1. Filter Lys148/Lys173; Lys18/Lys80; Lys150/Lys173 down to the pairs with a C-alpha to C-alpha distance above 25 Å, please.
2. What FRET efficiency comes out for Glu98 versus Lys148 if R0 is 35 angstrom and r is the Cβ-Cβ distance? Round to the nearest 0.05.
3. Ordered by packing density, taken as the mean number of other Cβ atoms within 10 Å over each peptide's residues, highest first, how do 98-108, 79-89 rank?
4. State the extension gain, in nm to one decimal, for the chain segment bounded by Lys15 and Ile174, taking 0.36 nm per residue of separation less the distance between their alpha-carbons.
5. Check which residues have an amide H placed less than 5 Å from Ile87's amide H, if you skip close sequence neighbours.
6. Within a 10 angstrom radius of the beta carbon, how do Phe168, Phe158, Phe134 rank from fewest other beta carbons to most?
7. Kindly write out, for region 141-157 in residue order, the coupling ³J(HN,Hα) from the Karplus curve 6.51 cos²θ - 1.76 cosθ + 1.60 (θ = phi - 60°), rounded to whole Hz, with x marking Gly and Pro.
8. With +1 assigned to the C-beta of every Lys and Arg and -1 to the C-beta of every Asp and Glu, and no other charges, what is the dipole magnitude of region 120-173 about the Cα centre in debye, to the nearest 20?
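Every number here is computed from the coordinates shown, using simple stated rules; none is lab data. Since we're looking at a predicted model, the values are computed, not measured. Neighbour counts run over all protein chains shown; Cβ positions are idealised from the backbone, glycine included.
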Amino acid sequence: MGNWYVVYVWAGKEKEVKENLRHVFEAEGLSEALEEVVVPPEKIIEVVFSPEKHVSRRFYPGYVLVKCAEGEEVFSVLRKAEGVVGIMGDGRPVPLSEEEARKFLEQISVEEIKPKPRYQFMPGDRVRITEGPFANFHGIVDEVKPDKGKVRVLVSIFGRETPVEIEFAHVQKI
């Protein structure tokens, strides 16, 4: 059973490096030494005011987690693989402890990460509601709730100000 190592790779090329590592280890006859390669997924999404704009980002750009056997021959092949910049450690590769590896894998294996809203609303802003039962109503932002990804908008219904809670993605500044 091997250890987990953090490998520095070219940012944006994590998936290509993962495939490349498998081919390089097979070509060198060391396929059994490479147990697993984990690329942190693209799961962070930011919602910017309507229309929605989704931006995917990597958890740890420029890093992959490699579980492999320990040995100078293995590390040499790992270092020489295209796209690999280095292995974490001060001159000599240092494996992650079982606890560190477990925490890291748990963190990146979260099924779905809630969108992280990047809001641009302030109390007093005039907005138009774009979706839902109040679609096309205009109102004024009363309160911003970034933790919930919502704003409370005061909408005039039958001449009375009525507070309505709306998601950031369903509100547009006027």
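1. Working: Lys148/Lys173 19 Å; Lys18/Lys80 13 Å; Lys150/Lys173 14 Å.
Checking Cα-Cα distances, every pair stays at or under 25 Å.
2. 0.40
3. Numbers: 98-108: 13.0, 79-89: 14.6.
Ranked from most to least packed, the peptides come out as 79-89, 98-108.
4. On the way: separation 159, 0.36 × 159 = 57.24 nm, distance 4.16 nm.
The Lys15-Ile174 span can extend by a further 53.1 nm.
5. Tyr8
6. Details: Phe168 24, Phe158 5, Phe134 19.
Lowest count first: Phe158, Phe134, Phe168.
7. Coupling constants for region 141-157: 5, 9, 8, 10, 10, x, 5, 9, x, 9, 10, 9, 10, 8, 10, 8, 10 Hz.
8. About 100 debye.
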